[in-house]
Amino acid sequence: MSFDKYNDAVIARAAVLNGYNKCVFKNQDGTLNWGPETAHPTDQEMLDKISAAQSAYDSQAAGRKDSNGALSAPDEEE
Amino acid sequence: MALTRVNYSRQGNFPIDKLPSITNDKLSGSISTAKLADNSVTTAKIADNAVTNNKTSTGENSLKPVWINLNYNAGGNSSHTFMDQYCTRIISNNGNSGPAMRGMLEGSTGTGRFMIKYIPGYMWGWSGIYMTERGGLNVDSNGDFVMSGSGWWAQHPTGKKQIWTGNNSSNNVRYCQYWNGSTNTTLLNSGSGTNGATWYIWRDSGVLRLSDSVGTTTIIASGDTTDWICSSSTEQSTSSLQILQAERITGT
C-alpha cells in the first residue's frame, strides 16, 4: 500500500498512536519501511490512525513559526 | 596532348579524407586561440559525454570527505542549518521525521582500494551511509546529478548495486543491507546501536567490508570493482553522520 500522499512526520505520529515508537519511514515506492522490526502496525492500523495523526501534526504546525508538526520537535528559539 | 584544368576551388574535388598530408605537426602555431573568434567553440558544440571521466584528471574524480549535492527532505529548506563540525557532519534534530537533508560525498571510490571513516548518529532516525553503483542515481541529459524536483536519490535502482549502512537508537541496532540490482539482503542486524563509535567501509583486493566498531561484516566477498557513489543516510530527522576520512588508496 502506498502512503505517498502522507507527510513523513504524520506517518511517524500514526505509528506512535499505534503504540510503536521506533523508526519508520517511506520507501521511494510509498510503502512503509519498518527496518528490522517484524512486529509493527499493519498498513490498515496505520490508516486508521492517520487522520488523528494529521490533526495533531496540523495543530502543532499552526502554533509554530517554522510550521514543524513533527513529534518531539525541539522548541523554537525566541 | 591537351592539359586538363582542374578546378581546386570546388569543394567536391578536395574532400578532407584525401588530405592526409596536412597533419597537426604541419600546422604548428598556425591555429591559435587568438585566431578563434570569442565564443566560437561553445559547450553546445561538444556532444554530451564527449568529455568522459577517464579523460579528466584522477584528482577530479577521487573520493573526498566533502559533502556536496545537498538535497532537502521532509520540508527541509535553507532556513535550517543541517551542517556543523566545520561542515563534516550532516545533522537534523527537528522531531521524528521532521525536516532533514541528505548529501553526497564528492567524487567516487573508483574501482580499486578505498576507505571511508565515519561516525553515524545514535538518534531516533536512521544514520549512516549509502553507496550506490555509478549510474544508479538520477542524472539529467548532461550526466549531472539531478538537483531539482525529487533530486538525485534513487532507492534500489534496477540493475545497479546499492549498500545501506544504518544505526539508530529507536530500533537500537547496527544495520546493513545489500541490494545487488534485483534483490535485497540484510547482512547485519545486531543490537545494540553504537553511540559515537567510528565505523569504516573499505575495499581491498576486491573485498568490500564494513566495520561498525563491534564487528566486521563482509558486504562483497570477492571481485568487487564497482565505482561507488557515497551519500548520507540522513534523510530522516533525527539523524546525523560525521565524515572523518574518505579516500581512494593509491599507496601501500
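The numbers here are math on the coordinates, done by the rules we state, and not lab data. This is a predicted model, so every value here is computed, not measured. Don't worry about glycine lacking a Cβ; one is built from the backbone with ideal geometry, like all the others, and counts go over all protein chains shown.
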Output the residue which, of all residues in the range A:63-78 that are more than 14 Å from B:Ser97 (Cα to Cα) and of a type outside the set (Gly, Ala, Ser), is nearest to the other protein chains (Cβ to nearest Cβ). A:Asp66
Considering each residue of the range A:35-58, count those that are touching a residue at least 12 places away in the same chain (Cβ under 8 Å) and outside any helix (DSSP H, G or I), and give that number. 4
Considering every residue within the range B:223-234, establish whether at least one is touching a Pro at 6+ places or on another chain (Cβ under 9 Å) and not in a loop (DSSP other than H, G, I, E, B). yes
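The rows are residues; the columns are (1) touching a residue at least 40 places away in the same chain (Cβ under 8 Å); (2) hydrophobic (A, V, I, L, M, F, W, C); (3) crowded, with 17+ Cβ neighbours inside 10 Å.
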position	(1), (2), (3)
B:Asp140	no, no, no
B:Thr158	no, no, no
B:Trp164	yes, yes, yes
B:Val173	no, yes, yes
B:Asp204	yes, no, no
B:Val207	no, yes, no
B:Thr217	yes, no, yes
B:Ser222	no, no, no
Evaluate the following for B:Gly191: is it without any contact (Cβ under 8 Å) to a residue 24 or more places away in the chain, over 19 Å from B:Ser92 (Cα atoms) and touching a Lys or Arg at 6+ places or on another chain (Cβ under 8 Å)? yes
Taking the range B:119-155 and keeping only residues that are under 19 Å from B:Leu244 (Cβ atoms) and more than 14 Å from chain A (Cβ to nearest Cβ), one is left with B:Ile119, B:Ile129, B:Met131
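Mind telling me which of the residues B:Thr198, B:Thr217 ends up being polar (S, T, N, Q) and within 27 Å of B:Ile68 (Cβ to Cβ)? Before you say what the answer is, go through the steps one by one.
Values: B:Thr217 fails: within 27 Å of B:Ile68 (Cβ to Cβ).
Answer to the selection: B:Thr198.
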On the basis of being touching a residue at least 24 places away in the same chain (Cβ under 8 Å), surrounded by 11 or more Cβ atoms within 10 Å (Cβ to Cβ) and not polar (S, T, N, Q), does A:Ala61 make the cut? no
Just to check your reading of the model, which residue among A:Phe3, A:Phe25 is among the hydrophobic types (A, V, I, L, M, F, W, C) and under 18 Å from B:Tyr175 (Cβ atoms)? A:Phe25
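Select from the range A:47-58 the residues that are of a type outside the set (Ser, Thr, Tyr), within 14 Å of another protein chain (Cβ to nearest Cβ) and surrounded by 16 or more Cβ atoms within 10 Å (Cβ to Cβ) and list them in ascending order.
Across the range A:47-58, the qualifying residues are A:Ile50, A:Ala53, A:Gln54, A:Ala56.
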Identify, from the list B:Ser205, B:Ser222, B:Ser237, B:Ser232, the residue that is under 24 Å from B:Ser62 (Cα atoms), of a type in the set (Gly, Ala, Ser) and either within 14 Å of chain A (Cβ to nearest Cβ) or under 20 Å from the mean Cα position of the chain (by Cα) (or both). B:Ser232
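Counting just the residues of the range B:61-106 that are part of a loop (DSSP other than H, G, I, E, B) and of a type in the set (Val, Ile, Thr), which one comes out surrounded by the fewest Cβ atoms within 10 Å (Cβ to Cβ)?
Initial filter on the range B:61-106 (part of a loop (DSSP other than H, G, I, E, B)): B:63-66, B:74-82, B:85-88, B:93-99, B:106.
Subsequent filtering for residues that are of a type in the set (Val, Ile, Thr) retains B:66, B:81, B:88.
Working: B:Val66: 14, B:Thr81: 9, B:Thr88: 17.
Among residues in the range B:61-106 that are part of a loop (DSSP other than H, G, I, E, B) and of a type in the set (Val, Ile, Thr), the one surrounded by the fewest Cβ atoms within 10 Å (Cβ to Cβ) is B:Thr81.
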For the range A:1-46, name all the residues that are among the aromatic types (Phe, Trp, Tyr) and more than 10 Å from chain B (Cβ to nearest Cβ). A:Phe3, A:Tyr6
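Which residue is surrounded by the fewest Cβ atoms within 10 Å (Cβ to Cβ), if the candidates are limited to the range B:183-202 and must be part of a strand (DSSP E or B) and more than 11 Å from chain A (Cβ to nearest Cβ)?
Of all residues in the range B:183-202, those part of a strand (DSSP E or B) come to B:184-190, B:199-202.
Next cut, more than 11 Å from chain A (Cβ to nearest Cβ) only: B:185, B:187, B:199-202.
Numbers: B:Thr185: 10, B:Leu187: 16, B:Trp199: 23, B:Tyr200: 16, B:Ile201: 26, B:Trp202: 17.
Ranking the qualifying residues of the range B:183-202, first place goes to B:Thr185.
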